[in-house]
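Reading through the structure tokens given below for one structure.
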Amino acid sequence: MTAEITAAEADLANRFPHEPFATRHNLAGHPLFSLPALARLAKTLPRDRVEYNAGDLEPGVKPEDVPTLDMSAEEVVRRIEQCNAWMVLKRVEVEPAYRALLEEVLTGVAQKLGHRSLEEAGFYDIQGFVFVASANATTPFHVDPEENFFVQIHGPKFFHIFDNRDRSFLTDEELEMSPSKHRNKRYDPSYEAKAQVFSLQPGDGLFVPHLWPHWVRTGDSYSVSMAITWKSPRAERLNTLLRANGLLRKYGFPQPAPGVNPVMDGVKIAAYRALRTAVEPLRRTEGMRRFLRGLVFGRQANYYYREKKA
Ligand SMILES: [Fe+2]
């Protein structure tokens, strides 16, 4: 059976890639997402690609108030039905079986969009993020630097998403990117009046546009989901600019929002890419990635290494 995502033709034609829309998929029950398979995966991935903490949070929780868990990653997955946890397994495409699945699904989507290949559809740098969470767990309010098809695999989930074209949720400064910024963003309960809420059951999903803020909660049983992500050239360019602006602000040179000065935008993107290319060969090991994050962005950049409550 081919793993696939399906969506209404009108949504693929008119909403993609600028607005969210509901999808269906056939990954529920797939053996790569059983708890034993995910426990093995949690044990295999490098430590900086597994993040977990207590699950029963408010959507606007302050990053420093998120309680950590004193358990191994593998144990969290095995005990997910009891341990009140939230976990993300990042970059699961490093495992060939997961990579093949991600590519199979996105190739199908590319074809439905009328393209002959992943590249032609703009599906570059394909990455998978698997979320394993206990009942009544919350992923706080945040934005992601990539587009994704989110697939619900086990248990119910409620996905609250907010229009990124509306600057009343997050300011231009808050959208700038830096490893020293915690992923969680400032949130106000009054935002809910403008939320679009997708109630997901296994087999359901949605398309999440680039940088649209969202928060997510599980229902009355444990949940397994996956974000199937890629970077289109358009998203990658904007990310580079938001990282350059974040870095320049850190060193005392705040910048206008993307698009205000297109010529300077181009200069900053070229400079940041040159810097990144020079550093990339050093980022092959976890130790070096950790060291470089700390050097450029400060100690806070390694916040997710905290394992025990301070
Ligand atoms: Fe997200």
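The values are calculated or read from the model by the stated rules, or taken from the named source; none is laboratory data. Since the structure is predicted, the reported quantities are computational estimates derived from the model, not experimental observations. Cβ atoms come from the backbone with ideal geometry, glycine included; neighbour counts cover every protein chain shown. Side chains are part of the model used for accessible areas, which takes the heavy atoms of the whole protein and leaves out ligands, DNA and RNA. Shrake-Rupley method; radii C 1.70, N 1.55, O 1.52, S 1.80 Å.
Residue 77: more than 16 Å from the ligand (Cβ to nearest atom) and open to solvent by less than 50 Å² (accessible area, probe 1.4 Å), yes or no? So that I can check it myself, show each step before the final result.
On the way: more than 16 Å from the ligand (Cβ to nearest atom): yes; open to solvent by less than 50 Å² (accessible area, probe 1.4 Å): yes.
For residue 77, the condition - more than 16 Å from the ligand (Cβ to nearest atom) and open to solvent by less than 50 Å² (accessible area, probe 1.4 Å) - is met.
Based on what the data block shows, is residue 41 at pLDDT 95 or above and part of a loop (DSSP other than H, G, I, E, B)? Steps first, answer last, please.
On the way: at pLDDT 95 or above: yes; part of a loop (DSSP other than H, G, I, E, B): no.
Here the answer is no, as residue 41 does not meet what is asked.
Residues in the stretch 129-138: is at least one of a type in the set (Ser, Thr, Tyr), closer than 29 Å to residue 294 by Cα and in contact with a Ser or Thr (Cβ under 9 Å, 6 or more places away or on another chain)?
At the first step, the residues of the stretch 129-138 found to be of a type in the set (Ser, Thr, Tyr) are 134, 138.
Filter once more, so that each one left must be closer than 29 Å to residue 294 by Cα: 138.
If we keep only those that are in contact with a Ser or Thr (Cβ under 9 Å, 6 or more places away or on another chain) too, we end up with 138.
Within the stretch 129-138, one or more residues are of a type in the set (Ser, Thr, Tyr), closer than 29 Å to residue 294 by Cα and in contact with a Ser or Thr (Cβ under 9 Å, 6 or more places away or on another chain).
When the stretch 159-181 is examined, which residues are found to be surrounded by fewer than 17 Cβ atoms within 10 Å (Cβ to Cβ) and within 17 Å of the chain's Cα centre (by Cα)?
At the first step, the residues of the stretch 159-181 found to be surrounded by fewer than 17 Cβ atoms within 10 Å (Cβ to Cβ) are 163, 165-168, 171-174.
Within the stretch 159-181, 163, 174 qualify.
Listed here are the residues, each with its yes/no results for (1) touching a helix residue (DSSP H, G or I) at 6+ places or on another chain (Cβ under 6 Å); (2) surrounded by 16 or more Cβ atoms within 10 Å (Cβ to Cβ).
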site	(1), (2)
187	no, yes
196	no, no
210	yes, yes
215	no, yes
219	no, yes
227	no, yes
235	no, yes
240	yes, yes
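Yes/no matrix, rows are residues, columns are (1) within 16 Å of the ligand (Cβ to nearest atom); (2) in contact with a Leu (Cβ under 6 Å, 6 or more places away or on another chain); (3) assigned to a strand (DSSP E or B); (4) assigned by TED's automatic domain parsing to the domain that holds residue 128:
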{"site": "202", "(1), (2), (3), (4)": "no, no, no, yes"}
{"site": "220", "(1), (2), (3), (4)": "no, no, no, yes"}
{"site": "227", "(1), (2), (3), (4)": "yes, no, yes, yes"}
{"site": "288", "(1), (2), (3), (4)": "no, yes, no, no"}
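Taking the stretch 204-215 on its own, how many of its residues are more than 10 Å from the ligand (Cβ to nearest atom) and of a type in the set (Phe, Trp, Tyr)?
Number satisfying all stated conditions: 1.
Report whether or not residue 131 is out of contact with any Asp or Glu (no Cβ under 7 Å at 6 or more places or on another chain), open to solvent by less than 30 Å² (accessible area, probe 1.4 Å) and touching a residue at least 12 places away in the same chain (Cβ under 8 Å). Spell out the reasoning first.
Numbers: out of contact with any Asp or Glu (no Cβ under 7 Å at 6 or more places or on another chain): yes; open to solvent by less than 30 Å² (accessible area, probe 1.4 Å): no; touching a residue at least 12 places away in the same chain (Cβ under 8 Å): yes.
Against the criterion (out of contact with any Asp or Glu (no Cβ under 7 Å at 6 or more places or on another chain), open to solvent by less than 30 Å² (accessible area, probe 1.4 Å) and touching a residue at least 12 places away in the same chain (Cβ under 8 Å)), residue 131 does not qualify.
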